[in-house]
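Peer 1: Here it is: the structure, laid out below.
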Amino acid sequence: MSPRVLIDATAVPADRGALGRYVDGLIAALVAAGADLAIACQRSDEEKYSRLVPGASIVAGPTAIAHRAARLAWEQTGLPMVAQQVEADVIHAPHYSMPLRPPAPTVVTIHDLTFFTEPALHSAVSGAFFKSAIRTAVRRASRLIVPSKATRDELVRVLSADPTRIDVAYHGVDHVLFHRPAADQMMQVSNRLGLHGKPYIAFLGTLEPRKNVPALIAGWAAAVADLENPPALVLGGGSGWSEEVDAAVAGVPAHLRLVRPGYLRFTDLPGYLGGALVVAFPSRGEGFGLPVLEAMACGAPVLTTHRTSLPEVGGDAVGYTEPDADSIRDALRALIEDPARREALGAAGEARAQEFTWAASAEAHLVSYQRAAEQRAE
């Protein structure tokens with residue numbers, strides 16, 4: 001008999017960034033696999049999860065947990081009560097932190113270790129919190145789920161985590177949404193961005209230090225400044241830390257076009273990614289790199305780095321660069337000048353993306369849940 005699993009979806013942000021796409025994609029696939037689920041969520045998501053998981057127990061937390069500090073406090077007191085209320089056999093905490101005294105075996109997803117390995121890429125406050133949360137999960141969780149072998153290896157290397165308690169579950173991609181877009185979809189997005197068919201380099205992600213956006217801006221500007229029809233750079237995603245990005249933007253030559261549309265509509269992402277000349281994601285470190293996979297699924301040529309998990313996702317189907325501005329400049333210019341290479345990468349990425357499904361991810365999660373439940377029975 002499969003265990004009843006309470007998934008804590010209260011950390012999912014309203015903008016449905018990568019964490020939201022992970023939790024939503026996983027839950028839908030778990031339902032399809034026949035898992036016995038209960039969901040704790042924000043009040044704003046109660047209707048969504050009621051539709052997604054018909055017949056499951058959906059428990060919305062108090063309104064106050066829309067604020068992070070209140071949510072973390074509720075995680076310690078309210079979530080254990082919910083677990084007892086829905087008679088959960090296992091709790092899945094999908095975003096680093098967990099209750100200190102859970103009433104059931106707890107599985108925690110650890111996305112990456114950059115809080116330890118690249119502390120300068122995070123604020124002091126968030127870095128201290130996530131370091132503490134990860135250490136707690138390594139000590140107290142029944143199982144740890146990671147989205148890549150790179151994250152597993154970092155957990156073992158940096159925190160001496162027990163590798164026998166770590167389960168690798170790659171993320172999937174929603175192939176119904178993320179696929180090669182039609183010409184009218186691409187033009188619709190281009191018009192919304194004010195580009196009206198002008199070629200562009202696309203970035204998708206939070207504008208935070210780890211994503212290396214200032215180096216991307218400098219590398220792009222240097223790569224295209226002397227071109228007769230220079231492609232624009234579009235930075236899609238939330239602002240995060242914007243000071244360094246603002247400084248880099250200020251240095252862009254006046255004749256180049258840089259667009260910062262903020263969060264893009266979820267349904268616009270295939271047209272945005274698939275319509276790009278190149279999708280550039282020169283991150284300094286990822287637990288997985290979902291935007292890379294989504295861009296591949298849309299048939300876009302992708303340029304990323306060899307750092308952490310990204311080669312596990314991209315394989316031989318993407319272009320690679322070092323994360324410094326000069327390397328990005330050279331790699332971008334080479335792709336811009338080589339349409340055949342871009343076409344080959346787009347086709348290879350689209351084919352490789354088919355290997356990553358939420359169904360496969362759900363299967364790996366179910367194995368982890370079962371292992372956690374069995375630990376209680378021992």
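Peer 1: Exposure proxy check: 335, 113 ranked by fewest other beta carbons within 10 Å?
Peer 2: Ordered by Cβ neighbours within 10 Å, fewest first: 335, 113.
Peer 1: While we're on this one: Please report, to one decimal in angstroms, the Kirkwood hydrodynamic radius of the range 183-353 built from all distinct Cα-Cα pairs. Present the calculation step by step, with values, prior to reporting the outcome.
Peer 2: On the way: mean 1/r = 0.0643 Å⁻¹.
With all distinct Cα pairs of the range 183-353 included, I get 15.5 Å.
Peer 1: Sequence-distant or interchain residues sharing an amide H contact under 5 Å with residue 59, placed H: which?
Peer 2: 39, 40, 41
Peer 1: Using the Karplus curve 6.51 cos²θ - 1.76 cosθ + 1.60 with θ = phi - 60°, work out ³J(HN,Hα) for each residue of the range 66-82 in order, rounded to whole Hz, and write x for Gly and Pro.
Peer 2: Working through the residues one at a time gives 5, 9, 4, 4, 5, 5, 5, 5, 5, 4, 7, 10, x, 4, x, 5, 4 Hz.
Peer 1: Lys and Arg at +1, Asp and Glu at -1: add these up for the other residues within a Cβ distance under 12 Å of residue 38 and post the number. Let's see the in-between values first.
Peer 2: Values: positive: 4; negative: 8, 36, 87, 89.
Neighbour charge sum, excluding residue 38 itself: -3.
Peer 1: In addition: Ranking 74, 358, 220 by Cβ neighbours within 10 Å, fewest first, what do you get?
Peer 2: 74, 358, 220
Peer 1: If you don't mind, another one. Provide the FRET efficiency to the nearest 0.05 for the residue 43-residue 256 pair, computing r from the beta carbons and using R0 = 45 Å. If you can, show how the numbers build up before the last one.
Peer 2: Working: r = 44 Å, r/R0 = 0.97.
Approximately 0.55, to the nearest 0.05.
Peer 1: When all C-alpha to C-alpha distances in the range 1-116 are sorted into bins of 5 Å, what percent of pairs does each bin hold, rounded to whole numbers?
Peer 2: 2, 12, 24, 27, 22, 10, 3, 1, 0
Peer 1: Sequence-distant or interchain residues sharing an amide H contact under 5 Å with residue 275, placed H: which?
Peer 2: Residues meeting the amide H criterion: none.
Peer 1: With θ set to phi - 60°, apply the Karplus curve 6.51 cos²θ - 1.76 cosθ + 1.60 along the range 36-48 and write out the HN-Hα couplings as whole Hz, x wherever there is a Gly or Pro.
Peer 2: Going residue by residue, I get 8, 10, 10, 10, 9, 8, 5, 4, 5, 9, 4, 5, 4 Hz, with x marking Gly and Pro.
Peer 1: Also, quick follow-up: Highest GNM mean-square fluctuation, the chain, Cα pairs closer than 10 Å: which of 307, 180, 257?
Peer 2: 257
Peer 1: A further question on this structure: From the mean inverse distance of alpha carbon pairs (Kirkwood) and the Cα radius of gyration, derive Rg over Rh for the chain.
Peer 2: Numbers: Rg = 20.9 Å, Rh = 21.4 Å.
Taking Rg over the Kirkwood Rh, I get 0.98.
Peer 1: If you don't mind, another one. How do 187, 81 rank when sorted from fewest to most other Cβ atoms within 10 Å of their own Cβ? Show your work: numbers first, answer last.
Peer 2: Values: 187 16, 81 13.
Exposure proxy ranking, most exposed first: 81, 187.
Peer 1: Could you pull out every residue, at least 5 positions away or on a different chain, whose amide H is within less than 5 Å of the one on residue 106? Hs are placed 1.01 Å off N in the peptide plane, and Pro or chain starts have none.
Peer 2: 91, 142, 143
Peer 1: Another one. Could you go through the range 254-263 in sequence order and give the Karplus-derived ³J(HN,Hα) for each residue, using 6.51 cos²θ - 1.76 cosθ + 1.60 with θ = phi - 60°, rounded to whole Hz, and x for Gly and Pro?
Peer 2: 4, 7, 9, 10, 10, 10, 10, x, x, 5
Peer 1: Angle check, please: helix 213-224 long axis (alpha carbons) against the longest principal axis of the chain (alpha carbons), in degrees 0 to 90, nearest 10.
Peer 2: Its long axis makes an angle of about 20 degrees.
Taken together, the values in this text are just the output of simple stated rules run on the coordinates, not laboratory data. Since the model is a prediction, treat every value here as computed from it, not as a measurement. When we count neighbours, we look across all protein chains shown, and the Cβ atoms used for this are built from the backbone with ideal geometry, even at glycine.
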